[in-house]
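To keep things clear, I will list the structure first and then write my remarks on it.
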Amino acid sequence: MTAPGPSAQTPALPVLDVERIREDFPILSQQVNDHPLAYLDNAATSQKPVQVLDALNAYYRRDNANVHRGLHELSRRATDGYEGARTAVADWIGAASPVEIVWTRGTTEAINLVAASWGGANLREGDEILLSEMEHHSNLVPWQLVAQRKGARLRYLELDDEGRLDLEPLPEILAGGRVRIAAITHVSNALGTINPVRELADRLHEAEALLLVDGAQGAAHHPVDVGELGVDFYAFSGHKMCGPTGIGVLWGRERLLEEMPPYQGGGEMIHTVERDFSTWAALPHKFEAGTPNIAGAIAMHAAVEYLRAVGPAEILAHEQMLVGYALERLGTLPNLRLFGPTSPEERAGVVSFAVDGVHPHDVATVLDSEGVAIRAGHHCAQLVMERLGVPATARASFYLYNTAEEIDRLVRGLGTVDSIFGEG
Amino acid sequence: MQDPTSQLNSLYQQVILDHYRHPRNKERLENGTVEVHMRNPACGDEIKLQLRIEDEIIVDLGFTGEGCSISQASASMMTTLLKGRHVDEALSLTGRFTSMMHGDEAAARDKELKDLRALEGVSKFPIRIKCALLGFDALQEAVKRTREDEA
């Protein structure tokens, strides 16, 4: 196959004006190793548009102050910005109220918060926590920690051969009556699989269990309405959705958050402090000890506005178009194995693959020398690697600013890999 | 500064690919006196190195493992270089190889390092240096353990 132009095989109707979008991301227009950068590592972190960079800059140049305590103009502005961001995020994911939005450092801290606070208060010896083989370590290790502390047991949903959750054993697992909470990812970071969250939520609720969803790859790549999803907790990060690092969100049902004990103690989260005890601030501040990442929240607000203007459904459609194109092009290469669901509709913008006889790190190094940035490794998902029977994979992951031409360059780079490593 | 293509060619020289495809001493040494399991948690590369050390001489050594071409070729080259050497000599060679990885050009001219000199190109790829050093990290740990046991 001779390298076709993007228009040769991609769908006729572009869903996004990518050229226009790319103008918002200054980082993308640079040379890396003498080639234009093709940034295909979005599942690790996304790039940031000028709108987000400007929001950070404007906050620090004009409004910077601590929140909720200063009786002065700057503090009022900082508080307004911080709380306004909370309202915007609540609206973005369909939360019933902004008090259900707890700012965290990211998805990992949000999951740790629920595992430690809800798990600490509610799990008893012999209780079960349901996870899946697909989980990122950030949705495994916090549960291992609380399970060890409380004498609870971890159960796992397994993957089928295409990297989908195998739900067949679910009725039997739930019939045991011991599962108190399930923690499942919305979208697999290693395979791109989109999970049937609504169905899981319904079946868990029938069994009187809760569902926490790891939305690190979900909120960035998929429209999210927590009400429609029917989940109990939803955790996600700013940096994977055009926002800055160090800011993330735990959404939880108000009633659940209300009943949970604080996660960390400190300023901002208290109502009154006595010598031997304290009382807690109202939601959501009960879970926000210390000076928060004010600038991060404000910049995440800008990211939400940016994604809202582009349209989350359009972004997903664009990613699925790129995934379809990548699967088609990569599928023609000999000695290359693709992982994950074969149909693009079942996945978000992630393509994991292995080149026979070449370690993914070597694939990544060769691609990097041509300016193509991918991830190679276990993707913090060692259980997935075990299931696939490989120590690591190479992963290309797409976002709203990626193009079919960049996938052509990925394919060309894999030709270089073959010319270096191919036998004879 | 070299252009990226020639940097790439110097990274993946034939001798390196040969050690990667046909590693030497890549089988578990059953009568070893010490075994070390080294893993790079960031990328998943791993090496299990077995040594048979008698009177401070590395009489035999073998390894098993999984990882990128650089980590596996480096371990293979290391085993051929160190067989029959005194432990102090092995540590000295380790030091010189490490210096080469960190850009020391004099170390790169050291013929004593034999095939390992082909890995000089790795020093231009900072994130891959730890791959090249994985086997040597295992060696140093093995020597340390042996000496602790004897102390």
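The values are calculated or read from the model by the stated rules, or taken from the named source; none is laboratory data. All values reported here derive from a predicted model rather than from experimental measurement. Neighbour counts run over all protein chains shown; Cβ positions are idealised from the backbone, glycine included. With ligands, DNA and RNA removed, areas are computed over all heavy atoms of the protein, side chains included. Shrake-Rupley method; radii C 1.70, N 1.55, O 1.52, S 1.80 Å.
Label A:His137 and B:Gln7 with points 7 Å out from Cα along Cα→Cβ: what is the distance between them in nm?
Inter-label distance under the simple model: 2.8 nm.
What is the average number of partner chain Cβ atoms found within 10 Å of a Cβ in B:40-49? Before the final figure, lay out each step's value.
Working: counts 2, 2, 2, 9, 12, 5, 1, 0, 0, 0.
Partner Cβ neighbours, averaged per residue: 3.
Give a residue-ordered list of calculated ³J(HN,Hα) values for the range A:376-384 (Karplus: 6.51 cos²θ - 1.76 cosθ + 1.60, θ = phi - 60°; whole Hz; x for Gly, Pro).
Per-residue couplings from phi come out as 10, x, 9, 6, 6, 9, 5, 5, 5 Hz.
Build a GNM of chain B with springs between Cα atoms under 10 Å: which of B:Ser92, B:Ser69, B:Ser123 gets the top mean-square fluctuation?
B:Ser92
Mean 1/r over all different Cα pairs, inverted: what Kirkwood radius does the range A:359-419 give, in Å? It would help to have the intermediate numbers written out before the result.
Working: mean 1/r = 0.0813 Å⁻¹.
By the Kirkwood definition, the hydrodynamic radius is 12.3 Å.
Tell me which GluC sites (Glu not before Pro) from the range B:1-83 have a DSSP coil assignment and no more than 15 other beta carbons within 10 Å of their own. Working shown, then result.
On the way: sites: B:Glu27, B:Glu30, B:Glu35, B:Glu46, B:Glu54, B:Glu56, B:Glu66; in loops: B:Glu27, B:Glu30, B:Glu56.
Here the GluC sites (Glu not before Pro) that fit, given the DSSP loop and packing criteria, are B:Glu27, B:Glu30, B:Glu56.
Given the range B:48-122, report the % of alpha carbon pairs whose separation exceeds 20 Å.
On the way: 863 of 2775 pairs.
Tail of P(r) above 20 Å: 31 percent of Cα pairs.
If the cut-off is 29 Å between C-alpha atoms, which lysines fall inside it for A:Lys240, apart from same-chain ones fewer than 8 positions away?
Candidates past the 8-residue exclusion: A:Lys48, A:Lys286, B:Lys130.
Report the relative contact order of the range A:1-148, percent, no decimals, based on alpha-carbon pairs under 8 angstrom and at least 6 residues apart. Could you put the intermediate results ahead of the total?
On the way: 75 pairs, mean separation 15.7, N = 148.
Reported relative contact order: 11 percent.
Top mean-square fluctuation among A:Tyr39, A:Tyr59, A:Tyr399, Gaussian network model of chain A, C-alpha springs under 10 Å?
A:Tyr59
Out of B:Ala132, B:Asn9, B:Gln50, whose Cα points farthest toward the positive end of the dipole of the range B:4-150 (charges: +1 Lys, Arg; -1 Asp, Glu; placed on Cβ)?
B:Asn9
Per residue of A:359-370, how many C-beta atoms from partner chains lie within 10 Å of its own C-beta, taken as a mean?
On the way: counts 12, 3, 12, 10, 1, 4, 11, 3, 0, 4, 8, 3.
Per residue, the number of nearby Cβ atoms from other chains is 6 on average.
So if I place +1 on the C-beta of Lys and Arg and -1 on the C-beta of Asp and Glu, and nothing else carries charge, what would the dipole magnitude of chain A be about its Cα centre? I want it in debye, nearest 20.
Numbers: 34 positive and 57 negative charges, 217 e Å.
So the dipole magnitude of chain A works out to roughly 1040 debye.
Tell me what chain A gives for mean residue ellipticity at 222 nm when only DSSP H runs of n ≥ 4 count, each as -39,500 (n - 2.57), the sum divided by the residue total, rounded to 500 deg cm²/dmol. All intermediate terms of the calculation are to be shown ahead of the outcome.
Values: 17 runs with 161 residues, N = 424.
Calculated from helices alone, the mean residue ellipticity at 222 nm is -11000 deg cm²/dmol.
Would you be so kind as to identify which of A:Ala302, A:Thr272, A:Trp251 lies farthest towards the positive end of the dipole of the range A:239-306, taking Lys and Arg as +1 and Asp and Glu as -1 on Cβ and the Cα centre as origin?
A:Ala302
List, in order, the whole-Hz ³J(HN,Hα) value for each residue of the range A:168-178 obtained from phi through the Karplus relation with A = 6.51, B = -1.76, C = 1.60 and θ = phi - 60°; use x for Gly and Pro.
So the Karplus estimates, Gly and Pro as x, are 4, x, 4, x, 5, 4, 6, 5, x, x, 10 Hz.
Of A:Ile101, A:Gly126, B:Ser99, which is farthest along the charge dipole of the protein assembly as shown in the positive direction, counting Lys and Arg as +1 and Asp and Glu as -1 at C-beta?
Looking along the dipole axis, the top candidate is B:Ser99.
Is it possible to state the helix-based mean residue ellipticity at 222 nm for chain B, with each DSSP H run of 4+ residues giving -39500 (n - 2.57), the sum divided by total residues, to the nearest 500 deg cm²/dmol? What is it? Walk me through the numbers before you get to the answer.
Details: 6 runs with 71 residues, N = 151.
Rounded to the nearest 500, the figure is -14500 deg cm²/dmol.
Angle check, please: helix A:360-369 long axis (alpha carbons) against the longest principal axis of chain A (alpha carbons), in degrees 0 to 90, nearest 10.
The two axes meet at around 70 degrees.
Please list the equivalent ellipsoid semi-axes of chain A, computed as the square roots of five times the alpha-carbon gyration tensor eigenvalues, in descending order and whole angstrom.
On the way: eigenvalues 277, 158, 61 Å².
Equivalent ellipsoid of chain A: 37, 28, 17 Å, largest first.
Provide the three semi-axes, in whole Å and in decreasing order, of the ellipsoid equivalent to the range A:78-221 as defined by the square roots of 5 times the Cα gyration tensor eigenvalues.
On the way: eigenvalues 139, 70, 40 Å².
Those come to 26, 19, 14 Å.
Provide the FRET efficiency to the nearest 0.05 for the B:His102-B:Val15 pair, computing r from the beta carbons and using R0 = 35 Å. The partial results should precede the final answer.
Numbers: r = 21 Å, r/R0 = 0.60.
The calculated FRET efficiency here is 0.95.
Given Cβ point charges of +1 (Lys, Arg) and -1 (Asp, Glu) and nothing else, what value in debye, to the nearest 20, does the dipole of the range B:4-150 about its Cα centre take?
Numbers: 20 positive and 24 negative charges, 119 e Å.
That gives a dipole near 580 debye.
What does the extension gain come out to for A:Arg20 and A:Ala121, with contour length at 0.36 nm per residue minus their alpha carbon separation? Provide the component values of the computation, followed by the final result.
On the way: separation 101, 0.36 × 101 = 36.36 nm, distance 4.98 nm.
Extra length from A:Arg20 to A:Ala121 when fully extended: 31.4 nm.
For chain A, what's the relative contact order in percent, using C-alpha pairs closer than 8 Å and at least 6 residues apart?
On the way: 831 pairs, mean separation 98.0, N = 424.
For chain A, the relative contact order is 23 percent.
Select from A:Ile270, A:Ile194, A:Ile93 the residue whose mean-square fluctuation is largest in a Gaussian network model of chain A (Cα-Cα springs shorter than 10 Å).
Of A:Ile270, A:Ile194, A:Ile93, the most mobile in the Gaussian network model is A:Ile270.
So what's the angle, to the nearest 10 degrees on a 0 to 90 scale, between helix A:73-92 and the longest Cα principal axis of chain A?
Around 60 degrees separate the two axes.
How many nm separate the modelled label positions at B:Asn31 and B:Glu89, each set 7 Å beyond the Cα in the direction of the Cβ?
According to this spin-label approximation, the distance is 2.1 nm.
Which value results when the Cα radius of gyration for the range A:147-240 is divided by 2.2 N^0.38 Å? Present the calculation step by step, with values, prior to reporting the outcome.
Values: Rg = 13.5 Å, N = 94, 2.2 N^0.38 = 12.4 Å.
The range A:147-240 yields a ratio of 1.09.
Using the Kirkwood radius over C-alpha pairs as Rh, can you work out the diffusion coefficient of the range A:1-152 via Stokes-Einstein at 10 °C, viscosity 1.306 mPa s, in µm² per second? Let's see the in-between values first.
Values: Rh = 20.5 Å.
Calculated translational D: 78 µm²/s.
Using a 1.4 angstrom probe on the protein heavy atoms only, could you order A:Thr107, B:Thr80 from most to least accessible area?
Details: A:Thr107 5, B:Thr80 70 Å².
Largest accessible area first, the residues go B:Thr80, A:Thr107.
Please compute one quarter of the surface area of the Cα convex hull for the range B:4-150 and express it in square nanometres.
Spelled out: convex hull of the Cα atoms, projected over all directions, averaged, 8.2 nm².
Contour minus end-to-end for A:Trp280 and A:Arg76, with contour as 0.36 nm per residue of separation and end-to-end as the Cα-Cα distance?
Details: separation 204, 0.36 × 204 = 73.44 nm, distance 2.26 nm.
Fully extending the segment from A:Trp280 to A:Arg76 adds 71.2 nm.
Given a Förster distance of 25 Å, report the FRET efficiency between A:Thr332 and A:His35 from their Cβ-Cβ distance, rounded to the nearest 0.05. Kindly include the intermediate steps, with their values, before the conclusion.
Values: r = 23 Å, r/R0 = 0.91.
Result of the calculation: an efficiency of 0.65.
Using alpha-carbon pairs under 8 Å, 6+ residues apart, how would you state the relative contact order of chain B in percent? Please report the intermediate quantities before stating the final value.
Numbers: 239 pairs, mean separation 39.9, N = 151.
Value for chain B: 26 percent.
Could you tell me what fraction of 2.2 N^0.38 Å the Cα radius of gyration of the range A:248-314 comes to, as a two-decimal ratio?
Working: Rg = 15.7 Å, N = 67, 2.2 N^0.38 = 10.9 Å.
So the Cα radius of gyration is 1.45 times the expected 2.2 N^0.38 Å.
What FRET efficiency, computed as 1/(1 + (r/R0)^6) with R0 = 51 Å and r the Cβ-Cβ distance, is obtained for A:His68 and A:Asp166, rounded to the nearest 0.05?
Working: r = 47 Å, r/R0 = 0.92.
For R0 = 51 Å, the calculated efficiency reads 0.60.
List the aspartates and glutamates whose Cα sits under 15 Å from the Cα of B:Lys144, skipping any in the same chain fewer than 8 residues away.
Leaving aside aspartates and glutamates fewer than 8 places away in the same chain, those within reach of B:Lys144 are B:Glu35, B:Glu54, B:Asp55, B:Glu56, B:Asp88, B:Glu89.
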